[in-house]
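**Q** Structure provided below as structure tokens; questions to follow.
The values are calculated or read from the model by the stated rules, or taken from the named source; none is laboratory data. In this text, all values refer to a predicted model and were calculated from it rather than measured experimentally. Every residue, glycine among them, receives a Cβ derived from its backbone with ideal geometry; neighbour counts consider all protein chains shown. Areas reflect the complete protein model, heavy atoms only, side chains present, ligands, DNA and RNA absent. Shrake-Rupley method; radii C 1.70, N 1.55, O 1.52, S 1.80 Å.
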Amino acid sequence: MTEIIVVTSGKGGVGKTTTSASIAVGLARRGKKVAVIDFDVGLRNLDLIMGCERRVVYDFVNVINGECTLKQALIKDKRCDTLFVLAASQTRDKDALNREGVGKVLDELKADGFDHIICDSPAGIEKGAALAMYFADRAIVVVNPEVSSVRDSDRILGLLASKTRRAELGEGGVAQHLLLTRYNPNRVEAGDMMSIADVQEILGIEVIGVIPESEGVLAASNAGVPVILDDASNAGQAYDDAVARLLGESRPLRFVDVQKKGIFARIFGS
Amino acid sequence: MGILDLFRSKPKNTASVAKDRLRIIVAQERAQRGSPDYLPTLRREILEVIKKYVNVDPDAVLINVERDGEHEVLELSVTLPERKQAGADGDDD
């Protein structure tokens, strides 16, 4: 049974692509067969975060238009045998993606025995975002603890509940999860940032993971290595926890409390 | 936090301000979600008709669609101005 997971947010720059890449790698290294698809037509970026930008020959739109086979367009990851990337097209044609074409590609992946298909949504609520979520079984809504991101997430939750295949067919809707990124426990304690509980309360959904603000994230994207592979970084470990929870494991949240400073740091500042 | 920070006045808790603002706007946007697209036009046209007879305030017409099991109820509420005013307005017609 193939599970289609959309990674979405409404607002841009909150960490959708970083999340898609890490979740895909996390599932693949647990032995799952995973495809991760970039839906951001015109602004392809997943390939960079995955570190396979120089191996893109054919893209998603080429497959939809029948200019190549799906097999030719899937880029096999160098680190995980069971992980494949489908890059977005750089075309400026907004109508390059259509529901029928996307549905066909997803069906072919299902027939190929993929366990999970991760759909990396573009920002906004336009066509690309609508198509990325349409076929989803599950949604990971990436949110920063910040007003505009939370508000946009709520709009996205509304769309997930009405403008998806599952909603239209009355198949029980899309399972929704929040993934809080750029979380900074120090600022939460100082009252400068909304807490996990605040965001959960406003949106009415539980978090599946909390990714702390971490230098590791930029370092990972610089290198083209999804941050989940950086076992030393807090963000990498937090993503691994989120993947475990996606697969039904229960794990306590980590890196969400303030690290207590020593007496010298308290007196002299940090 | 250094020792000097202890003497500064504590800044306002901005996170709780954010939470309160979000609570209101999200509730408002959720209420509007799923209501039919024609509601704003319906509201405007009803207002125009009422204005032919009574000079009501534009905010006096409230329209809501509520779901009650299988049924959808279109709720329409018009607050009329006070009697005295209404009488004076009668001349305008």
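**Q** Just to be sure before I move on: is B:R30 over 26 Å from A:I202 (Cα atoms), assigned to a helix (DSSP H, G or I) and at pLDDT 80 or above in the structure I sent? Full working, then the answer.
**A** Details: over 26 Å from A:I202 (Cα atoms): no; assigned to a helix (DSSP H, G or I): yes; at pLDDT 80 or above: yes.
No: the conditions fail for B:R30.
**Q** Scan A:A197, A:A130, A:A161 and give me the residue that is in a helix (DSSP H, G or I), open to solvent by 10 Å² or more (accessible area, probe 1.4 Å), aliphatic (A, V, I, L, M) and more than 14 Å from chain B (Cβ to nearest Cβ).
**A** Values: A:A197 fails: more than 14 Å from chain B (Cβ to nearest Cβ); A:A161 fails: more than 14 Å from chain B (Cβ to nearest Cβ).
A:A130 is the lone residue from the list that is in a helix (DSSP H, G or I), open to solvent by 10 Å² or more (accessible area, probe 1.4 Å), aliphatic (A, V, I, L, M) and more than 14 Å from chain B (Cβ to nearest Cβ).
**Q** Quick check on my filter: what residues within the stretch A:203-235 are in a helix (DSSP H, G or I) and surrounded by fewer than 23 Cβ atoms within 10 Å (Cβ to Cβ)? Working first, answer last.
**A** Residues of the stretch A:203-235 that are in a helix (DSSP H, G or I), as a first pass: A:203, A:215-223, A:227-229, A:234-235.
Residues satisfying the conditions are A:L203, A:E215, A:G216, A:L218, A:A219, A:S221, A:N222, A:A223, A:L229, A:N234.
**Q** I would also like to ask the following. Among the residues of the stretch B:71-93, write down those that are outside any strand (DSSP E or B) and at pLDDT 75 or above. Before you say what the answer is, go through the steps one by one.
**A** Start the filter on the stretch B:71-93 by keeping residues that are outside any strand (DSSP E or B), which leaves B:79-93.
Those that are outside any strand (DSSP E or B) and at pLDDT 75 or above: B:T79, B:L80, B:P81, B:E82.
**Q** Further, regarding this structure: Quick one: in the stretch A:154-195, of everything that is in contact with a Gly (Cβ under 6 Å, 6 or more places away or on another chain) and not hydrophobic (A, V, I, L, M, F, W, C), which residue is farthest from A:K260 (Cα to Cα)?
**A** The qualifying residue farthest from A:K260 (Cα to Cα) is A:R166.
**Q** Could you please give the count of residues in the stretch A:165-194 that are over 23 Å from A:V243 (Cβ atoms) and either away from chain B (no Cβ under 11 Å) or under 22 Å from the mean Cα position of the chain (by Cα) (or both)?
**A** Total meeting the criteria: 8.
**Q** A follow-up question, please. Being at pLDDT 95 or above, within 29 Å of B:E29 (Cβ to Cβ) and open to solvent by less than 20 Å² (accessible area, probe 1.4 Å), is that true of even one residue in the stretch A:244-253?
**A** Yes, some residue in the stretch A:244-253 is at pLDDT 95 or above, within 29 Å of B:E29 (Cβ to Cβ) and open to solvent by less than 20 Å² (accessible area, probe 1.4 Å).
**Q** Moving to a separate point now. When the stretch A:196-213 is examined, which residues are found to be touching a His at 6+ places or on another chain (Cβ under 9 Å), over 21 Å from A:N186 (Cβ atoms) and touching a residue at least 40 places away in the same chain (Cβ under 8 Å)? Full working, then the answer.
**A** First pass over the stretch A:196-213, keeping only residues touching a His at 6+ places or on another chain (Cβ under 9 Å): A:205-209.
Subset that is over 21 Å from A:N186 (Cβ atoms): A:205-206, A:208.
A:I205, A:I208, listed by residue number.
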